[in-house]
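Inspection log for the structure reproduced underneath, given as structure tokens.
The numbers here are math on the coordinates, done by the rules we state, and not lab data. Keep in mind the model is a prediction, meaning the values are calculated, not measured. Every residue, glycine among them, receives a Cβ derived from its backbone with ideal geometry; neighbour counts consider all protein chains shown.
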Amino acid sequence: MKIIGLRFSPDSFRYAVLEKNDGIINFTNANNETKVCKPADLDNIDDICAWIYDEIKRIITINNDVSNIVIKTNEYSTDTKSKRTTIYLEGVATVASKLEGKPVTFKLYSQIGVSSSNVKDRMESRYGKTKKYWDSKIADAVAAAAASF
């Protein structure tokens, strides 16, 4: 079974592909692409949404045997422009995934058994870390995917 975990921010998104075989979970793209940055020339939200749609389809095409997509969504708190933008991007990713026949679920920290203060350390100790760009965003994506097995 293979699951993709996603974590969005206004200027990029992180994704983790986890695969479970014989009870062992592996972070299969840890040494490959895990960070996708918004092209600098995209300023309008409609263009950014179209870019996200294309990128999610590309990632699903590469990982066509994925069983589902899990999005680590923002925690509930004060509304900000940044959080609104990530919600739009999560919505676009949901549509792109569903149109590719992949079910989508959303997870909060309380649903994945970690917190913002310990997600990096806990995911690194369980699944290793990326060679580049290891941060809480990719750790969130790993945690969301891992909690879905």
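Meeting the requirement of 2 or more residues that are out of contact with any Phe, Trp or Tyr (no Cβ under 7 Å at 6 or more places or on another chain) and either over 18 Å from Arg14 (Cβ atoms) or of a type in the set (A, V, I, L, M, F, W, C) (or both), the strands (runs of 3 or more DSSP E) wholly within region 25-134 are 68-72, 104-107. In region 118-145, the qualifying residues are those that are of a type in the set (Gly, Ala, Ser) and closer than 15 Å to Asn26 by Cα, and the one that is farthest from the chain's Cα centre (by Cα) is Ser125. Selection of region 92-112 for residues being small (Gly, Ala, Ser) and either touching a helix residue (DSSP H, G or I) at 6+ places or on another chain (Cβ under 8 Å) or in contact (Cβ under 8 Å) with a residue 60 or more places away in the chain (or both) yields Ala93, Ala96, Ser97.
The listed residues are Arg14, Arg7, and the only one of them that is part of a strand (DSSP E or B), out of contact with any Ser or Thr (no Cβ under 7 Å at 6 or more places or on another chain) and crowded, with 17+ Cβ neighbours inside 10 Å turns out to be Arg7. Here is a check on your reading of the model: is Thr61 hydroxyl-bearing (Ser, Thr, Tyr) and more than 19 Å from Val104 (Cβ to Cβ)? Here the answer is no, as Thr61 does not meet what is asked. If only residues of region 103-117 that are within 22 Å of Gly91 (Cβ to Cβ) and surrounded by 12 or more Cβ atoms within 10 Å (Cβ to Cβ) are counted, the one that is farthest from the chain's Cα centre (by Cα) is Gln111. Could you list, in sequence order, all residues of region 5-29 that are touching a Cys at 6+ places or on another chain (Cβ under 9 Å) and not acidic (Asp, Glu)? Ser12, Phe13 - these are the residues of region 5-29 that are touching a Cys at 6+ places or on another chain (Cβ under 9 Å) and not acidic (Asp, Glu).
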